[in-house]
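Structure first, then comments.
The values are calculated or read from the model by the stated rules, or taken from the named source; none is laboratory data. Because the structure is a prediction, the values reported are computed rather than measured. Neighbour counts are summed over all protein chains in view; Cβ atoms, including those assigned to glycine, are modelled from backbone coordinates with ideal geometry.
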Amino acid sequence: MGVMCRELDAGSEAAWDGFVRAHPDGTFFHLAAWRQVIARAFGHATHYVFAERDGAVVGVLPLGQVKTLLFGNTLISVPFCVYGGPLAADAEAGRALADYAAGVMDRLRVPVMEFRLRQPLDWLDAEQWPTKPDLYVTFRKPFGASDEANLKDIPRKQRAMVRKGIDRGLSSVIDTSADRLHGIYAESVRNLGTPVFARRYFQILLDVFGPEADVVTIMDGEEAIASVLNFYFRDEVLPYYGGGRTIARERYGNDFMYWEVMRRAALRGHTMFDFGRSKLGTGAFSFKKNWGFTAAPLHYRFRLAPGAEIPDLNPLNPKYRMFIAAWKRLPLPVANLLGPPIVRGLG
């Protein structure tokens, strides 16, 4: 019997996640719960489809449609996530999922579809699915159970920053709500010229993913100076949404924060640190490289309708330079008000 594709329903979520967790290329962002997150937090339509053969799941493809007046209409696997794309047991299942997605794209008249692949797919036709070289890289590195060995493995300059944070008496706590995280994150991204997500989005992530997500907040005495929302998947920890107040850098809070994420993750039994994606030439890229991580290219692929071009929604795009400069000058309450309606279209 051949492969059949059908849309995900509530009754199939356990089988979907079982396939994701068992597949060597499965990621946290392939999990079925993102369908709920995307719909609840942003109101975007989703098209989660899985492939079956002889009654067993042999592939999954999580798709979200990000459609706004400001940024256009795109199908993304997966919106607001760094990894995605079809996850398949074999080429037949993968092609069936890609063909199904192409049908969704044509039916909805969406000009661009994006697969955010962490690993290349040999069976995906390169002419039909072009890529944009040097778009993003990711940083992943194993770590062990020993704090001493993990600290020693951090390059000297960054290790010195961590030790200064320790000597200062910085500490970390686990927050169960998104309140402190959002306040710190909002200040951090405003200073970078980037619109902020709504606090509600972060709380939805914590509520939906339960023990597979937490917030590590760095305290300088009684003052919260840095905070990060982390995801946990198999042996991996992914610090995903994080930032520090303006004072965090001079108090060594940023480096200490990622050290505490690693230290706490080791106590949970995790052994892989995923620093997420960055664009070449950005401050985030340099920071992660200085931590001793080696950049690995991400293999994003695009399907384009006639006349469409690969989107370029990144902070190095010259067309956004004036916007970023102006956003940095906004009062924080104004940035927090204007940010969420804008960022829901960035995907």
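Scanning region 1-30 for residues that are without any contact (Cβ under 8 Å) to a residue 24 or more places away in the chain and either assigned to a helix (DSSP H, G or I) or within 26 Å of residue 199 (Cα to Cα) (or both) yields 10, 11, 13, 14, 17, 22.
Restricting region 31-53 to residues that are of a type in the set (A, V, I, L, M) and outside any loop (DSSP other than H, G, I, E, B), which is farthest from residue 140 (Cα to Cα)?
Step by step, filter region 31-53, then rank; the result is 45.
Applying the selection to region 126-162, what residues are among the polar types (S, T, N, Q), touching an Asp or Glu at 6+ places or on another chain (Cβ under 8 Å) and not assigned by TED's automatic domain parsing to the domain that holds residue 231? Of everything in region 126-162, just one residue is among the polar types (S, T, N, Q), touching an Asp or Glu at 6+ places or on another chain (Cβ under 8 Å) and not assigned by TED's automatic domain parsing to the domain that holds residue 231, namely 138.
Residue check: is residue 338 among the aliphatic types (A, V, I, L, M), buried (at least 16 other Cβ atoms within 10 Å of the Cβ) and touching a residue at least 24 places away in the same chain (Cβ under 8 Å)? Spelling it out, it is not the case that residue 338 is among the aliphatic types (A, V, I, L, M), buried (at least 16 other Cβ atoms within 10 Å of the Cβ) and touching a residue at least 24 places away in the same chain (Cβ under 8 Å).
Taking residue 59 as the residue in question, decide whether it is modelled with pLDDT of 95 or more and farther than 13 Å from residue 347 by Cα. The answer is yes for residue 59. For the criterion of being of a type in the set (Gly, Ala, Ser), assigned to a strand (DSSP E or B) and either surrounded by fewer than 16 Cβ atoms within 10 Å (Cβ to Cβ) or at pLDDT 95 or above (or both), residue 177 fails. Mind checking which residues of region 265-282 are basic (Lys, Arg) and within 15 Å of residue 240 (Cβ to Cβ)? 277, the sole residue that qualifies. For residue 30, the criteria (1) farther than 16 Å from residue 94 by Cβ; (2) touching a His at 6+ places or on another chain (Cβ under 9 Å) hold in every case but one, which is (1). Quick one: in region 193-206, which of the residues that are at pLDDT 95 or above and of a type outside the set (A, V, I, L, M, F, W, C) is nearest to the chain's Cα centre (by Cα)? So the residue we want is 201. Can you confirm whether residue 209 is more than 12 Å from residue 257 (Cα to Cα), in a strand (DSSP E or B), under 17 Å from the mean Cα position of the chain (by Cα) and of a type in the set (A, V, I, L, M, F, W, C)? So residue 209 fails the test.
Consider region 290-313 and keep the residues that are more than 17 Å from residue 279 (Cβ to Cβ) and of a type outside the set (A, V, I, L, M, F, W, C). The one that is modelled with the lowest pLDDT is 309. Screening the candidates 278, 286 for the property of being hydroxyl-bearing (Ser, Thr, Tyr) and under 30 Å from residue 94 (Cα atoms) yields one hit, 278.
Of the residues making up region 266-289, just one is over 20 Å from residue 135 (Cα atoms), assigned to a helix (DSSP H, G or I) and in contact (Cβ under 8 Å) with a residue 60 or more places away in the chain, namely 266.
Given the criteria among the basic types (Lys, Arg), at pLDDT 95 or above, over 13 Å from residue 5 (Cα atoms) and surrounded by fewer than 19 Cβ atoms within 10 Å (Cβ to Cβ), does residue 40 qualify? So that I can check it myself, show each step before the final result.
Numbers: among the basic types (Lys, Arg): yes; at pLDDT 95 or above: yes; over 13 Å from residue 5 (Cα atoms): yes; surrounded by fewer than 19 Cβ atoms within 10 Å (Cβ to Cβ): yes.
Against the criterion (among the basic types (Lys, Arg), at pLDDT 95 or above, over 13 Å from residue 5 (Cα atoms) and surrounded by fewer than 19 Cβ atoms within 10 Å (Cβ to Cβ)), residue 40 qualifies.
Would you say residue 165 is of a type in the set (Gly, Ala, Ser), touching an Asp or Glu at 6+ places or on another chain (Cβ under 8 Å) and farther than 30 Å from residue 99 by Cα? Here the answer is yes, as residue 165 does meet what is asked. Of everything in region 248-305 that's surrounded by 16 or more Cβ atoms within 10 Å (Cβ to Cβ) and among the polar types (S, T, N, Q), which residue is nearest to residue 85 (Cα to Cα)? Residue satisfying both the conditions and the ranking: 278. Scanning region 306-332 for residues that are surrounded by 12 or more Cβ atoms within 10 Å (Cβ to Cβ), farther than 23 Å from residue 130 by Cα and in contact (Cβ under 8 Å) with a residue 12 or more places away in the chain yields 323, 324, 327, 328, 330, 332.
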